[in-house]
Amino acid sequence: MSSTFFIPPVNIMGIGCLDEAMDAIGKYRFRKALIVTDMGLAKAGVASMIAEKLAMQDIDSVIFDGAKPNPSIANVERGLGLLKESRCDFVVSLGGGSPHDCAKGIALCATNGGQIRDYEGVDQSEKPQLPLIAINTTAGTASEMTRFCIITDESRHVKMAIVDRNVTPLLSVNDPALMVAMPKSLTAATGMDALTHAIEAYVSTAANPITDACALKAMTLISQNLRLAVRDGSDMAARENMAYAQFLAGMAFNNASLGYVHAMAHQLGGFYDLPHGVCNAVLLPHVQSFNAVVCAARLTDVAHAMGADIRGFSPEEGAQAAIAAIRSLARDVEIPAGLRELGVRLNDIPTLATNALKDACGVTNPRAADQRQIEEIFRSAF
Ligand SMILES: [Fe+2]
């Protein structure tokens, strides 16, 4: 089976790397940036700090702080309007998954025209997007380095998966110094999102030796560092390890794709506007229980990577050990126990399941499910 490996051409990471990244940005000779961020980072002065650093490179900028959590089509349209009005020649996204995804939508429509809805699915655009530089502040979604862009269509209550090589950023920046301000709950949710990326990519039908290596290392780093980063947000070693871990998990899923955890979590996010990482964390053990029948040996590797002692275990016992390790990590970082706690309604399950089966992320799940089985997994996660 052939495979193609996607990753941004340049990726700068490590504690204090922001200044080095700014020098690299200066060398592209861009003129004016649209800085896409969220209200929190704008209020905290982080966006204006980035604008000042760009100015030191002789780059003008304008700030768009309208990327909401679970960014919508309307968010993309507003940002695109400001980009055109301000005649920007590149985009800088600043934040976690939401600003990066919103910025990808803006940059893709800026060169391809039309609306972001036109690009739902896989590789629907024709031209490269406007150059995008992604400065990450969570450890997490890995959107700063992927070809995935998730935008909520509020009229349909669904999250559109835009999987397009043309939304890959030009440069990704992961400076853990920008991640220390994350509150505990965001650290936990984004860290569990990264674990989900690694596990779904490892059991994916499109996994290959490169994505396997990235996924397994990510699982180990997350198991060893997420509890520490949640307990003490100023633990720089744990923050840096989580930054590398989420990037490795991104390398894995950007190329091996995902599975039903993401296909189902997208529906919860689109329907109830819930945090992506929390939805994934709640669903992850349930989907892997469903998958265990066909990939017990792979899940045994997951257990081993997460530090479980699997000596003498059968593949079935190994799979159970992986599920136990996932549950124990989720519990330790205080992820809610089930969907009921998140306000999900049992009556909505048939619709959520129908939409999950349409999500592009589910295609590579190792075990195919029908409508009734997806509904069953949702119910088991209550
Ligand atoms: Fe994710």
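The values are calculated or read from the model by the stated rules, or taken from the named source; none is laboratory data. Fair warning: this is a prediction, and the values are worked out from it, not measured in the lab. Note: ideal-geometry Cβ built from the backbone for every residue, glycine included; neighbour counts use all protein chains shown. Each accessible area value is taken on the protein alone, full model and side chains, heavy atoms only, with ligands, DNA and RNA left out. Shrake-Rupley method; radii C 1.70, N 1.55, O 1.52, S 1.80 Å.
What separates the Cα centres of the range 52-128 and the range 236-285 is a distance of 22 Å. Between Val163, Val294, Val344, the residue with the greatest mean-square fluctuation in the GNM of the chain (Cα pairs under 10 Å linked by springs) is Val294. In the chain, a dipole from Cβ-located charges (positive for Lys and Arg, negative for Asp and Glu) runs towards its positive end, and of Met160, Leu274, Met236 it is Met160 whose Cα lies farthest in that direction. Evaluating 6.51 cos²θ - 1.76 cosθ + 1.60 at θ = phi - 60° for every residue in the range 126-142, the Karplus couplings come out as 9, 10, x, 6, 4, x, 10, 10, 10, 9, 8, 10, 10, 9, x, 5, 6 Hz, glycine and proline recorded as x. Rank Ile133, Ile199, Ile25 by mean-square fluctuation in a GNM of the chain with C-alpha springs under 10 angstrom and give only the top-ranked residue. Fluctuation is largest for Ile25. Each principal axis of the range 10-178 carries a Cα extent, and these read 41, 30, 29 Å when sorted largest first. Quick check: from the Cα gyration tensor, does the range 204-299 come out rounded (a/c under 1.5), prolate or oblate? It comes out oblate by the Cα gyration axes. Comparing mean-square fluctuations of Arg311, Arg165, Arg239 from a GNM of the chain with C-alpha springs under 10 Å, the top value falls on Arg311. Rolling a 1.4 Å probe over the protein heavy atoms of the range 10-178, with every protein chain left in place, gives an accessible area that is 50 percent carbon and sulfur. For the range 10-178, the solvent-accessible area works out to 38 Å² per residue, with a probe of 1.4 Å and every protein chain left in place. Surface composition of the range 184-380: carbon and sulfur make up 54 percent of the accessible area, probe 1.4 Å. According to the square roots a ≥ b ≥ c of the eigenvalues of the Cα gyration tensor, what is the shape class of the range 184-380, taking rounded for a/c under 1.5, prolate for a/b larger than b/c otherwise, and oblate for the remainder? It comes out oblate by the Cα gyration axes. Counted over the chain with a bin width of 10 Å, the fraction of Cα pairs per bin, in whole percents, is 6, 26, 35, 24, 8, 1, 0.
The lysines whose alpha-carbon is closer than 25 Å to the alpha-carbon of Lys53, local same-chain residues fewer than 8 away aside, are Lys27, Lys32, Lys43, Lys68, Lys84, Lys104.
Per residue, the range 203-243 exposes an accessible area of 40 Å² to a 1.4 Å probe, with every protein chain left in place.
The magnitude of the dipole of the chain, with charges of +1 and -1 set on the Cβ of Lys/Arg and Asp/Glu and taken from the Cα centre, is near 180 debye.
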